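Reviewing the structure listed below.
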Amino acid sequence: MARIPYADCTSAAARPLADRIAAERGSVLHLYQMLLHSAPVAEGWLGYLTAIRQKSSLPGDLRELVIMRVAQLNHAPYEVDQHAPIALREGVSQAKLDALPHWQDCPLFDARERAVLAYTDAMTRQVQVSDEVFAFVAAHFEPRRLVELTATVAAYNMVSRFLEALQIHSHDAR
């Protein structure tokens, strides 16, 4: 159960953005129901996450591996629940999702995926990224994709921290 009630998406303040979110995303998920307590924050969040998920040149399978790994590291089950089906649609195998907690020891992941996961782990666990890890990931991507990868890791760390601080879960009512 969330620590505070979800916003009333039918209120005058929330309704226009709630309608836009529903039109763009298909529904107003619990995350956005909470964010709608502050329409300006919800609107900025929507724009940022839309850019990360829909306007980035980062391949969808890599994006979803990043999101799933961040969610695992931050113990954010809501994010895992939301993104596992997306990861599968983007071509991540169930075997890779199952092996993700122990990716370092698993032969299923190729060199590019290992570089992305090492970078994700470093950004999430230590915040600072060693020169060695950065060189490993930089060998696989040009600057635009490095920026998009970095922004994706950062964005989903933000998401998981918001979800967990307010205890937002998929099974919550509303």
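The values are calculated or read from the model by the stated rules, or taken from the named source; none is laboratory data. All values derive from a computational prediction rather than experimental measurement. Using ideal geometry, Cβ is built from the backbone for each residue, glycine included, and neighbour counts are taken over all protein chains shown. Heads up: the accessible areas ignore ligands, DNA and RNA and are worked out on the full protein's heavy atoms, side chains in. Shrake-Rupley method; radii C 1.70, N 1.55, O 1.52, S 1.80 Å.
Points worth noting:
- At most 11 other Cβ within 10 Å, DSSP loop - trypsin sites (Lys or Arg not before Pro), the stretch 1-107: 3
- The chain - mean residue ellipticity at 222 nm from DSSP helices (-39,500 (n - 2.57) per run, n ≥ 4, rounded to 500): -19500 deg cm²/dmol
- Placing a pseudo-label 7 Å from each Cα along the Cα-to-Cβ vector at residue 11 and residue 126 gives an inter-label distance of 4.4 nm.
- Taking 0.36 nm per residue of separation and subtracting the Cα-Cα distance, full extension of the segment from residue 43 to residue 23 would add 5.8 nm.
- Protein accessible area in the stretch 32-97, 1.4 Å probe - carbon and sulfur %: 55
- Contact order, relative form, for the stretch 66-137: 32 percent (alpha carbon pairs under 8 Å, 6 or more residues apart, mean separation divided by residue count).
- Remark: the stretch 26-132 carries a charge dipole of roughly 240 debye about the Cα centre, counting +1 on each Lys and Arg Cβ and -1 on each Asp and Glu Cβ.
- Listed values (i) 51, 44, 40; (ii) 66, 37, 31; (iii) 50, 30, 29 include one computed from this model; for Cα extents along the principal axes in Å that value carries the label (iii).
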